[in-house]
1. For the stretch B:80-100, how many residues are part of a helix (DSSP H, G or I) and over 40 Å from the mean Cα position of the chain (by Cα)?
2. Out of (1) surrounded by 14 or more Cβ atoms within 10 Å (Cβ to Cβ); (2) in a helix (DSSP H, G or I), what's the single condition that is false for A:Q278?
3. Which ranges mark the helices (runs of 4 or more DSSP H) fully within the stretch A:32-83 that have 2 or more residues being under 15 Å from A:R141 (Cα atoms)?
4. Test each condition in (1) touching a helix residue (DSSP H, G or I) at 6+ places or on another chain (Cβ under 6 Å); (2) at pLDDT 90 or above for A:R268 and report the one that comes out false.
5. Tell me which residues, restricted to the stretch A:177-214, are away from every other protein chain (no Cβ under 13 Å), in a helix (DSSP H, G or I) and either modelled with pLDDT of 90 or more or within 19 Å of A:L290 (Cβ to Cβ) (or both).
6. Pairs please, first residue from the stretch A:295-310 and buried (at least 17 other Cβ atoms within 10 Å of the Cβ), second anywhere and not aliphatic (A, V, I, L, M) and not in a helix (DSSP H, G or I), Cβ atoms under 7 Å, 6+ apart in sequence or on different chains.
7. Which residues, counting only those in the stretch A:4-39, are among the small types (G, A, S) and either assigned by TED's automatic domain parsing to the domain that holds A:P138 or closer than 30 Å to A:L242 by Cα (or both)?
Amino acid sequence: MIAWQGATEASIPARLQPALALEYGRSHDVPDAALLRETGLTGGLAADSLVSPSQYLQLLSNTLRALDSPDTSFMLGQLMLPGHDGAASHALVQAPNLRVLLESLCRFHARLTPLLRPRLETWGDVALLYWVDAQGAPSLRPALVEMHMTALVALCRWLGGARLPWRFCFNRGAPRHVEQHQVHLGAELRFGCQLDAMLVDAAWLDRPWPRASEMASRLALQAADAEPPRTPGLPAALYDYLLEHVRESPTLERSASDFGVSPATFKRQLLRHHTHFQGELDQVRTHVALWLFQVRRADNEEVARHLGFHDAANFRRSFKRWTGLTPGPIRAAIDGELGWLSSPPGAAAGA
Amino acid sequence: MNLVIRHLTVLVGLLLGFALVFVGGGTAIPLSEWDGMDIVSEGGTALLAAIWCMIVLCSRPDGRVTRLLAGGLACIMLGSWADCLDEVFDIGKVALWDNVLEALLPLGMLILTAGMVYWRHEQANLSEHLRKRERLFRSHRPFDRITQLADAAYLREQLRRERRNEQPCALVLFDIDDFHRINREHGQAEGDRALQAVAHMLLLNLRNDDLLCRYAGERFAVLMPGLTQQQGDDAARHLCRMVSSMRHHAGSRRVPVTLRHGCASAGGAPDALLAALCRQMDAA
């Protein structure tokens, strides 16, 4: 049975990520009452207490609203990693190169980035890290992506001693505060893409960092592995599950039983994360299709077969429904730089 | 409030004084021979002029213009009051003082006119001053909470305005080197202090026409109207030297602060221009 965490189960230590958001708000003269409104944390954050993901999300949302400044999410991101989560944070700091850092981040995501789950894909000379919802917060999604991307960029810059030539894709239109992205992330930005992802030349993955020590890194990873793992949020667990079973046409009933609950409970739990089974499945299938287009250079026929569709026409229709675009324009853009993640040129012009 | 009472006392005192002079110097005309219309219109003029005088005195700071305006109105008030009293008391034709008092009305009008001329000058000066500050920037329109500078949105607006101009204009971006390290090692509050220090240093070394903005994070932008790219680049080098010679301290530790810059000629679409310049900054 698959382990997962509900939206309202207290699971995040209050002294970690939630305390960070609260402190940031306080340092900008926002009263506690405004920051903790509707979180149910009327007594403040006790140091050894646990906070549920939905409470943490509400706290973040309050902070963003109270400060009403376009740089809040970026400044919060700067503070986020490596974090103060003992062995897991230590494993990040000890990473001897980018590859180990990214793999550690993905392995301990439930502890280090409980709201968004990073996933690493590499092929050819490209390393791609993309962020999927771990808790589901559609209205906060853009701010969360800004925050997590900034956290990782800042951490790499700190550990590596230099700015990495990241390129960024955003599953949203061009924002009004693009200057914040340019300064905190980098100038290579694409908006209107199908994924929230950051790419870097794979050559950077194994370049040793200053102060790197393989041994210290190994020990830190062992220590982090020895600690009991934290359970990921339901959307993150479901994404992993669906990605693994995407070729078997997963159904709600089958998935619910693999997650150890009735379909009705499963539905209700997903609803608490502001999502539903079909939406999650469509997202996974979109990502797999994009990956096949890009990495395998697959045509519609092959992708349809891979995902268990009757024929290419059927797949084409579904793909249009998932993304708003037919596979044609996306594949046509693949030859361009960053192409596979971007919309056709017209839609990306704002970037 | 004290001042209001004082002004009011003076005005009422003057009016009463005039009335006393007329009571002493003339003989009362019987009620049946009063010309009601004249009395109402002249007395009303005096009363209204008194109100205008009070408004001027209470709403303006003391100064030449204020004194001229108030004095003119006071003379008009007294002249009309003398006229009005003239209707009630009979003054002999030989008494010159009565004519002199009535001449206060045209005199008041002259003084009021002079006051208005000076007032117009004053207004022109004020709006010139405001216009300069608007163009100029500085804390006039604080957008950014930390540095009190304009933000990127204001910069884009000014760039769009600059596009319509014929004269050259340079745009420079500045980044603080290794700023992230100040934030990590000393905390964000120290980082904010460093930003303020750099903003001050840049401001002190800018021309009056330049516009300094905090673009985002540790990136500043300076718009230099009238300068070519080459001149802008020279100016930017100077600014970098000035900032690097500054001694900034975090607690008791000295933190070296240096800048790097990128320069372009302003023109073309602001968004594309800024994106290209940011790319240049990343590569630097």
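1. Just the residues of the stretch B:80-100 that are part of a helix (DSSP H, G or I), to begin with: B:80-88, B:96-100.
With the extra rule that they be over 40 Å from the mean Cα position of the chain (by Cα), the set shrinks to B:82-88, B:96-100.
Within the stretch B:80-100, residues that are part of a helix (DSSP H, G or I) and over 40 Å from the mean Cα position of the chain (by Cα) number 12.
2. Just one mismatch for A:Q278, condition (1).
3. On the way: elements: A:32-35, A:53-67, A:72-80.
It comes to A:53-67, A:72-80.
4. Among (1) touching a helix residue (DSSP H, G or I) at 6+ places or on another chain (Cβ under 6 Å); (2) at pLDDT 90 or above, the lone unmet condition for A:R268 is (1).
5. If the condition is that a residue be away from every other protein chain (no Cβ under 13 Å), in a helix (DSSP H, G or I) and either modelled with pLDDT of 90 or more or within 19 Å of A:L290 (Cβ to Cβ) (or both), then A:A202, A:A203, A:W204 are the ones that fit.
6. A:A304/A:D311
7. Once the filter is applied, which keeps residues that are among the small types (G, A, S) and either assigned by TED's automatic domain parsing to the domain that holds A:P138 or closer than 30 Å to A:L242 by Cα (or both), the stretch A:4-39 yields A:G6, A:A7, A:A10, A:S11.
Per-residue answers, yes or no, for (1) away from chain A (no Cβ under 12 Å); (2) touching a residue at least 24 places away in the same chain (Cβ under 8 Å); (3) farther than 30 Å from A:W166 by Cβ; (4) surrounded by 14 or more Cβ atoms within 10 Å (Cβ to Cβ):
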position	(1), (2), (3), (4)
B:M201	yes, yes, yes, yes
B:D209	yes, yes, yes, yes
B:F220	no, yes, no, yes
B:T228	yes, yes, yes, yes
B:G251	yes, yes, yes, no
B:P270	no, yes, no, yes
B:L277	no, yes, no, yes
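The values are calculated or read from the model by the stated rules, or taken from the named source; none is laboratory data. Not measured: the values here are computed from a predicted model. Positions of Cβ are backbone-derived with ideal geometry, glycine not excepted, and every protein chain shown enters the neighbour counts.
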